[in-house]
1. Would you work out what percent of the accessible area of the chain, with all protein chains in place, is carbon or sulfur (probe 1.4 Å)?
2. First measure r as the distance between the Cβ atoms of Lys32 and Gln114, then evaluate 1/(1 + (r/R0)^6) with R0 = 25 Å and state the FRET efficiency to the nearest 0.05.
3. Near Gly80, within a Cβ-to-Cβ distance under 14 Å, what is the net charge of the other residues, with Lys and Arg +1 and Asp and Glu -1?
4. If contacts are Cα pairs under 8 angstrom and at least 6 residues apart, what is the relative contact order of the range 11-128 in percent?
5. Using amide H atoms built in the peptide plane, which far-off residues or other-chain residues are under 5 Å from Leu151 H to H?
6. For the chain, with every protein chain kept in place, what is the accessible area per residue (1.4 Å probe, Å²)?
7. Could you work out the helix-only [θ] at 222 nm for the chain, with each DSSP H run of four or more residues adding -39,500 (n - 2.57) and the total divided by the number of residues, to the nearest 500 deg cm²/dmol?
8. Just Gly232, Gly269, Gly46 to compare: in a GNM of the chain, with alpha carbon springs under 10 Å, which one fluctuates most?
Amino acid sequence: MKKNQIFITYGEDPRLMIEQLLAAVKLEEMIKPGGSIGLKPNLVVGKPADSGATTHPEIVEGIITYLLAKGFKKIVIMEGSWIGDDTKRAFAICGYQRLAEKYNVELIDLKGDQTIKVESGGLSLEICSQVKKVDFLINLPVLKAHCQTELTCALKNLKGCIPDREKRRFHSMGLHKPIAALSAAITPHLTIVDALCGDLTFEEGGNPVPMGRLIAGSDPVLLDAYAADLIGLKATDIPYISIAHHLGVGEIDLAGAEFIETNPDDRKGSGFRLSHRSRTLSLKVDERQSCSACYGSLIHALHRLEEEGSLNGIPAKSIKIGQGYKGEGGKGPGIGNCTKGYTPYLKGCPPTARQIKEFLRSVELL
Ligand code: SF4
């Protein structure tokens, strides 16, 4: 596969689609004989793929059966869910436990993995060692919205390959620069984007949008540029994509890409758009370096309060959240342990969306 190539397969049946895509990509020619292969899906939360949050297990099953048929037997699945969620629970709920048992494939919870230090993009990073132990890494992100970075796809999916303490530190560093640096430290050999029904409102799912395609390539920056374009964003407006490009991870300009559609007649739909609900709801929030799980739960809670007609009572910029509030104090409401100096505040690291909703309902500003 040439680095500027983007392969696209359309449809609704993930098993058929992945078989067609892998045959077009000629996956077996990309891996050295007998090489070990790591599959890195997005299992950020324990929710089934049809919620729009996680990678469809049928895609991973199709990759495993393809590889086994071509004689590749050393296959592992690796992931670390977001802060506050249990990867093993996500493996079970998302259908990966079943896959592991059926095909005798090892599941690796990266939250419990040993870590190594790497220098990348001007930063010192702590990454999970398993990612570096495989000969060939296949990144399997979901194309979906993110409440802090707008888009999450190929580059940001690699954040599952660092321990929780490093995830927190990434947020304290503003997220974009460390995500780009991480992609320079862990560049997958192949990325296959699950764009079947990603959630274009919230990262944690619940609002899936049928997009009916799988997208593959070896340049994760180019894939993110294409993913951004597909949902109406400019890649240059998403800082981590631009920074990764400047670090030499890949190309950002789609003009140089070669698009190969394996079944163009099956293409349905276009003009997918982010809902930008997060952006509107975030007007109530004064956020400083919050973790995705914490901030995502807050945005979700605000969404539910709005549905109940309870949002208007919350003044703009009144809710405090994030690591930037540690050691400070004043008038709340604050969300999460980092805001314990504020009154009132909600305990938790992170608190759940349900807890946040109940808390905000109960505080005086409502
Ligand atoms: S309280 Fe929230 S922002 Fe603070 S460390 Fe925990 S998850 Fe992150």
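1. 49
2. Working: r = 25 Å, r/R0 = 0.99.
Result of the calculation: an efficiency of 0.50.
3. Values: positive: Lys40, Lys88, Arg89, Lys111, Lys156, Lys159, Arg165, Lys167, Arg168; negative: Glu79, Asp85, Asp86, Asp109, Asp113, Glu126, Asp164, Glu166.
Cβ neighbours under 14 Å give a net charge of +1.
4. Contact order relative to length: 25 percent.
5. His146
6. Values: 14460 Å² over 366 residues.
For the chain, the solvent-accessible area averages 40 Å² per residue.
7. One gets -9000 deg cm²/dmol as the mean residue ellipticity at 222 nm.
8. Result: Gly269 has the largest fluctuation of those listed.
The values are calculated or read from the model by the stated rules, or taken from the named source; none is laboratory data. Treat the numbers as computed from the prediction; the structure is a model and nothing was measured. Note that each Cβ is placed from the backbone with ideal geometry, even for glycine, and that neighbours are counted across all protein chains shown. Accessible surface areas use protein heavy atoms only, side chains included; no ligands, DNA or RNA. Shrake-Rupley method; radii C 1.70, N 1.55, O 1.52, S 1.80 Å.
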